[in-house]
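Okay, so here's the structure we're looking at.
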Amino acid sequence: MKAIMKIKKEREGFELCDVPMPCAGDRDILIKVRSAAICGSDLKFCKWTAWCDNVVKFLPFIPGHELCGEVVEVGKKVKGIKVGDRIAAETHISCGVCWQCRHARPHTCERMELFGHTINGGFCEYTLIPERAARKISNDIPFDYGCLLEPMGIPFRAVEVGEVAKDAVVVVGCGPIGQFAVAFSKISGAEVVIAVDINDKRLNLAKKMGANYLINPQREAVAQKVKNLTTEYGRGAGLVIDASGSAGAMKDAFSYLRPGGKFVILGQTDAPLPLNPSLDIVFKEAQVTGLFGRKIWDTWEKTEKLLLAGKIDPAPVITHRFSLDDFEKAFKVALSGEGCKILFIP
């Protein structure tokens, strides 16, 4: 079968290889991949940043963790899933026995494996998903949307934690995660949603997803603009969601987070974040939260219901579709920032 693989960390990019089709073990599910999406972590694997050395356990390996497909084989000990079912992948594969798992936190498992990171993923024609990480979804959810349930879950949690009803929200970074954060904020009753990004194409897309105001930091002072737009909400954001991974943008955001506000960090950065804990957090009574993954399976159930009810429309976020053969074009578009969510259709 065809598979996009990272062969050597010293070599930028990926290679398209012909590899044997895997066979399902007792607790595995073999699926035919129908749709798989490029994530920011896949771009790190492509360029091989220092972060990758702490994540990837072996080379060569197959990346890709946002996917949806059809079951073609199940292990003999798998329960509740059969051939022909539609499956989406949960990235976080928990052990089921550690303290975190025993206390309803499998998404922060102490011995967690990561689909498409520490084990082979889904940028291929067929892939194995451990039973613990397989989510059976409705056949009414298109494959292209099913592969987005994983990335949709993180911004959904951010909005849920933020309690945005009748409040002002600022979303920093308008990649796919930021776009869904904008949409979920509006769905959840936020009265003002402000999108911040240096990419005008993505800002315009955020408008389609529900943003009331757009700010490009290269042309406007974000803090002052946010305060001007939120005079009726305490001259500041009640919730800031960072999906940018920019330490500078995060630092700036604390200046327009209003007293008593919430700051949810989703973006990942290797850069240090200089803060004055007293001024930025304590005196403001700010609530700062980092989120890593989805609540399994609570977040999935909630986002699936919104999708099936037609309350969230992922279509504008999907800007490009490519075959596996055109993987180089796909990653070129993804790295350029010209698109938003890029899909492979094997």
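Flag: residue 58 does not match the condition of being touching a helix residue (DSSP H, G or I) at 6+ places or on another chain (Cβ under 9 Å) and either more than 29 Å from residue 243 (Cα to Cα) or not assigned by TED's automatic domain parsing to the domain that holds residue 175 (or both). Within the stretch 204-224, identify whether any single residue is closer than 16 Å to residue 256 by Cα, in contact with a Cys (Cβ under 8 Å, 6 or more places away or on another chain) and among the small types (Gly, Ala, Ser), and answer yes or no. The answer is no, given that none of the residues of the stretch 204-224 is closer than 16 Å to residue 256 by Cα, in contact with a Cys (Cβ under 8 Å, 6 or more places away or on another chain) and among the small types (Gly, Ala, Ser).
Within the set 18, 26, 85, the sole residue that is over 20 Å from the mean Cα position of the chain (by Cα), surrounded by 15 or more Cβ atoms within 10 Å (Cβ to Cβ) and at pLDDT 95 or above turns out to be 85. Could you check, for the stretch 13-23, whether at least one of its residues is closer than 28 Å to residue 317 by Cα, of a type outside the set (A, V, I, L, M) and out of contact with any strand residue (DSSP E or B) (no Cβ under 7 Å at 6 or more places or on another chain)? The answer is yes; a qualifying residue exists.
Pull up the stretch 96-155, narrow it to residues that are in contact (Cβ under 8 Å) with a residue 24 or more places away in the chain and of a type in the set (D, E, K, R), then point me to the one that is surrounded by the most Cβ atoms within 10 Å (Cβ to Cβ). Checking each candidate, the answer is 150.
The set of residues from the stretch 225-259 being farther than 23 Å from residue 270 by Cα, of a type in the set (S, T, N, Q) and in contact (Cβ under 8 Å) with a residue 12 or more places away in the chain comprises just one member, 230.
Taken together, 307, 335 contain a single residue that is under 23 Å from residue 3 (Cα atoms) and not assigned by TED's automatic domain parsing to the domain that holds residue 168, which is 335. Restrict the check to the stretch 173-183 and report whether at least one residue is closer than 26 Å to residue 127 by Cα and either in a helix (DSSP H, G or I) or in contact with a strand residue (DSSP E or B) (Cβ under 6 Å, 6 or more places away or on another chain) (or both). Yes, some residue in the stretch 173-183 is closer than 26 Å to residue 127 by Cα and either in a helix (DSSP H, G or I) or in contact with a strand residue (DSSP E or B) (Cβ under 6 Å, 6 or more places away or on another chain) (or both). Among the residues of the stretch 269-280, the one identified as in contact (Cβ under 8 Å) with a residue 24 or more places away in the chain and not in a loop (DSSP other than H, G, I, E, B) is 280.
The values are calculated or read from the model by the stated rules, or taken from the named source; none is laboratory data. As the structure is a prediction and not an experimental result, all values here were calculated from the model. Virtual Cβ from ideal backbone geometry, glycine too; neighbours counted across all protein chains shown.
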